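A.B. asks: After the C-alpha coordinates below, expect a handful of questions from me.
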Amino acid sequence: MSCTPSSRLIAGAKSNFNPSSDLGISWAIVTWSDGVPSRGTAMIQVHVVDASNSFAYRGDLDSYFRLRHEIYVDERGWHELRRPDSREIDPFDTPEAIHQLGIQPGRGVVAGSRLVPSLRPHLMSEIFPQLAEGGVPRRPDIFEWTRFFVARDSRDPGRPCQAAGVIYCGILEFCIQRGISNLTIVCEDYWFDRLASIGWCPRQLGSSFKCDDMTIIGVMVDVGPSALAATRQFYRITDPVLWAETALKRLA
(Lines give C-alpha, C1' and ligand atoms only; values in the text may rest on other atoms or scores of the structure.)
Protein backbone atom coordinates (compact mmCIF):
# COMPACT_ATOMS: atom_id res chain seq x y z
CA MET A 1 0.00 0.00 0.00
CA SER A 2 1.32 3.42 -0.89
CA CYS A 3 0.82 6.69 0.96
CA THR A 4 -2.25 8.75 0.31
CA PRO A 5 -1.95 12.55 0.55
CA SER A 6 -3.68 12.46 3.95
CA SER A 7 -1.27 9.89 5.37
CA ARG A 8 1.72 11.84 4.10
CA LEU A 9 0.23 14.91 5.72
CA ILE A 10 0.30 13.24 9.11
CA ALA A 11 3.15 10.75 8.93
CA GLY A 12 5.41 12.37 6.33
CA ALA A 13 8.95 11.30 5.61
CA LYS A 14 12.24 12.71 4.55
CA SER A 15 14.53 10.47 2.54
CA ASN A 16 17.70 11.49 4.36
CA PHE A 17 16.17 11.53 7.84
CA ASN A 18 18.33 9.75 10.41
CA PRO A 19 16.01 8.22 13.05
CA SER A 20 18.85 7.42 15.44
CA SER A 21 19.80 11.04 15.94
CA ASP A 22 17.40 13.56 14.40
CA LEU A 23 14.80 13.35 17.17
CA GLY A 24 17.34 13.00 19.94
CA ILE A 25 17.19 9.25 20.42
CA SER A 26 20.37 7.23 20.25
CA TRP A 27 19.75 3.51 20.50
CA ALA A 28 23.23 2.13 20.06
CA ILE A 29 24.63 0.24 23.04
CA VAL A 30 26.73 2.77 24.88
CA THR A 31 28.71 3.05 28.09
CA TRP A 32 28.55 6.18 30.21
CA SER A 33 32.14 6.37 31.35
CA ASP A 34 31.47 9.37 33.58
CA GLY A 35 28.52 7.64 35.20
CA VAL A 36 26.34 10.76 35.29
CA PRO A 37 23.42 12.04 33.22
CA SER A 38 24.02 14.49 30.40
CA ARG A 39 23.99 18.25 30.60
CA GLY A 40 21.34 19.85 32.77
CA THR A 41 18.56 17.39 31.97
CA ALA A 42 17.94 16.56 35.64
CA MET A 43 16.30 19.99 35.87
CA ILE A 44 13.72 19.21 33.19
CA GLN A 45 10.24 18.60 34.54
CA VAL A 46 7.20 17.45 32.62
CA HIS A 47 4.16 19.74 32.77
CA VAL A 48 0.83 18.24 31.75
CA VAL A 49 -1.29 20.75 29.83
CA ASP A 50 -4.89 20.29 28.77
CA ALA A 51 -7.97 22.43 28.28
CA SER A 52 -8.32 22.98 32.02
CA ASN A 53 -4.99 24.74 32.51
CA SER A 54 -3.88 25.82 29.04
CA PHE A 55 -4.52 29.49 29.90
CA ALA A 56 -1.60 29.33 32.34
CA TYR A 57 0.73 27.87 29.66
CA ARG A 58 -0.04 30.10 26.67
CA GLY A 59 3.59 31.12 26.15
CA ASP A 60 4.89 27.57 26.69
CA LEU A 61 2.29 26.12 24.33
CA ASP A 62 3.32 28.61 21.67
CA SER A 63 6.94 27.45 22.07
CA TYR A 64 5.79 23.82 21.98
CA PHE A 65 3.91 24.25 18.70
CA ARG A 66 6.79 26.24 17.19
CA LEU A 67 9.27 23.50 18.13
CA ARG A 68 6.97 20.93 16.55
CA HIS A 69 6.98 23.01 13.35
CA GLU A 70 10.76 23.36 13.44
CA ILE A 71 11.27 19.62 13.90
CA TYR A 72 8.45 18.03 11.92
CA VAL A 73 8.22 20.54 9.06
CA ASP A 74 11.70 22.05 8.71
CA GLU A 75 13.76 19.09 9.91
CA ARG A 76 11.69 16.06 8.96
CA GLY A 77 10.33 17.59 5.78
CA TRP A 78 6.58 17.32 6.43
CA HIS A 79 6.02 20.30 4.15
CA GLU A 80 2.26 19.74 3.88
CA LEU A 81 2.03 20.91 7.49
CA ARG A 82 3.89 24.18 6.95
CA ARG A 83 1.99 27.15 8.35
CA PRO A 84 2.62 30.89 7.96
CA ASP A 85 2.71 31.30 11.75
CA SER A 86 5.35 28.52 12.11
CA ARG A 87 3.19 26.62 14.61
CA GLU A 88 2.62 22.93 13.81
CA ILE A 89 -0.97 22.16 14.74
CA ASP A 90 -2.80 19.17 13.30
CA PRO A 91 -6.45 18.00 13.36
CA PHE A 92 -5.90 16.11 16.63
CA ASP A 93 -4.80 19.13 18.67
CA THR A 94 -8.31 19.41 20.05
CA PRO A 95 -9.52 20.36 23.54
CA GLU A 96 -9.37 16.65 24.39
CA ALA A 97 -5.62 16.45 23.66
CA ILE A 98 -3.22 16.27 26.61
CA HIS A 99 0.21 17.79 26.00
CA GLN A 100 3.36 16.89 27.90
CA LEU A 101 5.82 19.79 27.96
CA GLY A 102 9.39 19.18 29.07
CA ILE A 103 10.35 22.52 30.58
CA GLN A 104 13.85 23.42 31.72
CA PRO A 105 14.36 26.50 33.94
CA GLY A 106 16.00 29.31 32.03
CA ARG A 107 15.36 27.65 28.66
CA GLY A 108 11.67 26.89 28.50
CA VAL A 109 10.24 24.03 26.46
CA VAL A 110 12.92 21.59 25.27
CA ALA A 111 10.84 18.43 24.63
CA GLY A 112 7.26 17.29 24.40
CA SER A 113 4.60 14.89 23.23
CA ARG A 114 0.83 14.46 23.08
CA LEU A 115 -1.82 12.02 24.27
CA VAL A 116 -5.29 11.74 22.70
CA PRO A 117 -8.12 9.62 24.17
CA SER A 118 -8.78 6.58 22.00
CA LEU A 119 -12.52 7.18 22.29
CA ARG A 120 -12.04 10.45 20.40
CA PRO A 121 -10.85 10.79 16.77
CA HIS A 122 -7.11 10.14 16.62
CA LEU A 123 -4.38 9.29 14.13
CA MET A 124 -4.92 5.53 14.09
CA SER A 125 -8.71 5.69 14.01
CA GLU A 126 -8.97 8.35 11.31
CA ILE A 127 -5.90 7.90 9.08
CA PHE A 128 -4.40 4.46 9.73
CA PRO A 129 -7.19 2.04 10.82
CA GLN A 130 -5.71 -0.60 8.51
CA LEU A 131 -2.78 -0.97 10.95
CA ALA A 132 -5.07 -2.65 13.50
CA GLU A 133 -6.38 -5.80 11.88
CA GLY A 134 -8.71 -6.63 14.76
CA GLY A 135 -10.06 -3.09 14.91
CA VAL A 136 -8.56 0.02 16.46
CA PRO A 137 -8.37 -0.46 20.25
CA ARG A 138 -10.74 2.04 21.87
CA ARG A 139 -11.42 2.09 25.60
CA PRO A 140 -11.42 4.77 28.30
CA ASP A 141 -8.06 3.49 29.59
CA ILE A 142 -6.35 3.55 26.17
CA PHE A 143 -4.83 6.76 24.76
CA GLU A 144 -2.84 7.39 21.59
CA TRP A 145 0.69 8.79 21.91
CA THR A 146 1.98 11.09 19.14
CA ARG A 147 4.12 14.13 18.36
CA PHE A 148 7.11 13.20 20.51
CA PHE A 149 10.13 15.48 20.05
CA VAL A 150 13.35 16.74 21.64
CA ALA A 151 14.80 20.12 20.66
CA ARG A 152 18.01 19.85 18.66
CA ASP A 153 20.20 21.47 21.30
CA SER A 154 18.96 19.05 23.97
CA ARG A 155 19.97 15.90 22.11
CA ASP A 156 22.85 13.63 23.02
CA PRO A 157 24.42 12.01 19.93
CA GLY A 158 26.07 8.71 20.77
CA ARG A 159 24.28 8.15 24.08
CA PRO A 160 20.72 7.70 25.37
CA CYS A 161 19.04 11.10 25.30
CA GLN A 162 18.13 12.12 28.84
CA ALA A 163 15.55 14.68 27.70
CA ALA A 164 13.76 11.88 25.84
CA GLY A 165 13.94 9.71 28.95
CA VAL A 166 12.37 12.46 31.04
CA ILE A 167 9.42 12.70 28.62
CA TYR A 168 8.99 8.92 28.60
CA CYS A 169 8.96 8.79 32.38
CA GLY A 170 6.57 11.73 32.57
CA ILE A 171 4.15 9.99 30.23
CA LEU A 172 4.28 6.82 32.31
CA GLU A 173 3.86 8.67 35.61
CA PHE A 174 0.85 10.52 34.23
CA CYS A 175 -0.73 7.36 32.80
CA ILE A 176 -0.35 5.50 36.10
CA GLN A 177 -1.84 8.45 37.96
CA ARG A 178 -4.84 8.64 35.60
CA GLY A 179 -5.48 4.90 35.33
CA ILE A 180 -4.39 4.68 31.68
CA SER A 181 -3.23 1.12 31.01
CA ASN A 182 -2.17 1.19 27.35
CA LEU A 183 -1.02 3.54 24.62
CA THR A 184 -1.46 3.03 20.90
CA ILE A 185 1.19 4.38 18.54
CA VAL A 186 1.49 4.83 14.78
CA CYS A 187 5.21 4.69 14.10
CA GLU A 188 7.99 3.49 11.86
CA ASP A 189 8.91 -0.15 12.39
CA TYR A 190 12.26 0.56 14.08
CA TRP A 191 10.37 1.91 17.09
CA PHE A 192 9.21 -1.61 18.02
CA ASP A 193 12.60 -2.76 19.30
CA ARG A 194 13.28 0.61 20.91
CA LEU A 195 10.09 0.52 22.92
CA ALA A 196 10.83 -3.06 23.93
CA SER A 197 14.31 -2.06 25.12
CA ILE A 198 12.89 0.37 27.69
CA GLY A 199 10.27 -2.04 29.01
CA TRP A 200 7.11 -0.90 27.24
CA CYS A 201 6.20 -4.43 25.94
CA PRO A 202 5.03 -3.40 22.45
CA ARG A 203 2.54 -5.53 20.54
CA GLN A 204 2.07 -5.02 16.82
CA LEU A 205 -1.61 -4.70 15.98
CA GLY A 206 -1.51 -5.77 12.34
CA SER A 207 0.44 -5.78 9.13
CA SER A 208 2.78 -2.98 8.20
CA PHE A 209 2.62 -0.91 5.04
CA LYS A 210 5.02 1.18 3.03
CA CYS A 211 4.75 4.95 2.98
CA ASP A 212 7.39 6.57 0.77
CA ASP A 213 10.64 5.17 2.22
CA MET A 214 9.12 4.23 5.59
CA THR A 215 7.56 1.07 6.93
CA ILE A 216 4.64 2.05 9.18
CA ILE A 217 3.19 -0.12 11.94
CA GLY A 218 0.52 0.19 14.61
CA VAL A 219 1.61 -0.72 18.12
CA MET A 220 0.06 -0.96 21.56
CA VAL A 221 2.25 -0.73 24.67
CA ASP A 222 1.83 -1.30 28.39
CA VAL A 223 2.29 1.75 30.61
CA GLY A 224 2.14 0.37 34.14
CA PRO A 225 4.60 0.48 37.05
CA SER A 226 6.91 -2.14 35.53
CA ALA A 227 7.35 -0.02 32.38
CA LEU A 228 8.11 3.03 34.51
CA ALA A 229 10.66 1.14 36.61
CA ALA A 230 12.39 -0.22 33.50
CA THR A 231 12.45 3.19 31.80
CA ARG A 232 13.85 4.88 34.90
CA GLN A 233 16.55 2.23 35.10
CA PHE A 234 17.46 2.58 31.42
CA TYR A 235 17.86 6.36 31.68
CA ARG A 236 19.19 6.41 35.26
CA ILE A 237 16.32 8.58 36.42
CA THR A 238 15.69 8.16 40.14
CA ASP A 239 13.03 10.76 40.95
CA PRO A 240 9.56 11.59 39.61
CA VAL A 241 9.67 14.04 36.71
CA LEU A 242 6.10 15.36 36.67
CA TRP A 243 5.69 18.94 37.84
CA ALA A 244 4.56 19.10 41.48
CA GLU A 245 0.90 19.67 40.66
CA THR A 246 0.68 16.30 38.94
CA ALA A 247 3.63 14.52 40.52
CA LEU A 248 3.42 10.82 41.21
CA LYS A 249 4.90 9.59 44.45
CA ARG A 250 8.06 7.58 44.00
CA LEU A 251 7.36 3.91 43.49
CA ALA A 252 8.40 1.74 46.41
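The values are calculated or read from the model by the stated rules, or taken from the named source; none is laboratory data. All values derive from a computational prediction rather than experimental measurement. When we count neighbours, we look across all protein chains shown, and the Cβ atoms used for this are built from the backbone with ideal geometry, even at glycine. Surface areas here come from the heavy atoms of the whole protein model, side chains and all, with no ligands, DNA or RNA. Shrake-Rupley method; radii C 1.70, N 1.55, O 1.52, S 1.80 Å.
A.B. asks: Dividing the alpha-carbon Rg of the stretch 113-252 by 2.2 N^0.38 Å yields what?
C.D. replies: Here the answer is 1.05, to two decimals.
A.B. asks: Probe 1.4 Å, all protein chains in place: accessible area of S54 in Å², nearest 10?
C.D. replies: Spelled out: S54, probe radius 1.4 Å, area about 40 Å².
A.B. asks: Something else: Looking at the stretch 113-152, which GluC sites (Glu not before Pro) are in a loop (DSSP not H, G, I, E or B) and have at most 13 other Cβ atoms within 10 Å?
C.D. replies: E133
A.B. asks: Net charge near A151, counting Lys/Arg +1 and Asp/Glu -1 over other residues with Cβ under 11 Å of its Cβ?
C.D. replies: Charge balance in the 11 Å sphere: +2.
A.B. asks: Let me ask something else. Net charge within 14 Å of M220 by Cβ-Cβ distance, Lys/Arg positive one each and Asp/Glu negative one each, not counting M220 itself?
C.D. replies: -1
A.B. asks: Ignoring ligands, DNA and RNA, what percent of the accessible area of the stretch 57-126 is carbon or sulfur (1.4 Å)?
C.D. replies: After summing per-atom areas, the C and S share lands at 50 percent.
A.B. asks: Here is a follow-up. For I185, what accessible surface area do you get with a 1.4 Å probe? Give it in Å², rounded to 10.
C.D. replies: Its heavy atoms expose roughly 10 Å² to the probe.
A.B. asks: Which trypsin sites (Lys or Arg not before Pro) in the stretch 67-144 sit in a loop by DSSP (not H, G, I, E or B) and have at most 15 other Cβ atoms within 10 Å of their own Cβ?
C.D. replies: Passing both the DSSP loop test and the Cβ count: R82, R107.
A.B. asks: Per residue, what volume in Å³ does the convex hull of the Cα atoms of the stretch 92-162 enclose?
C.D. replies: 136
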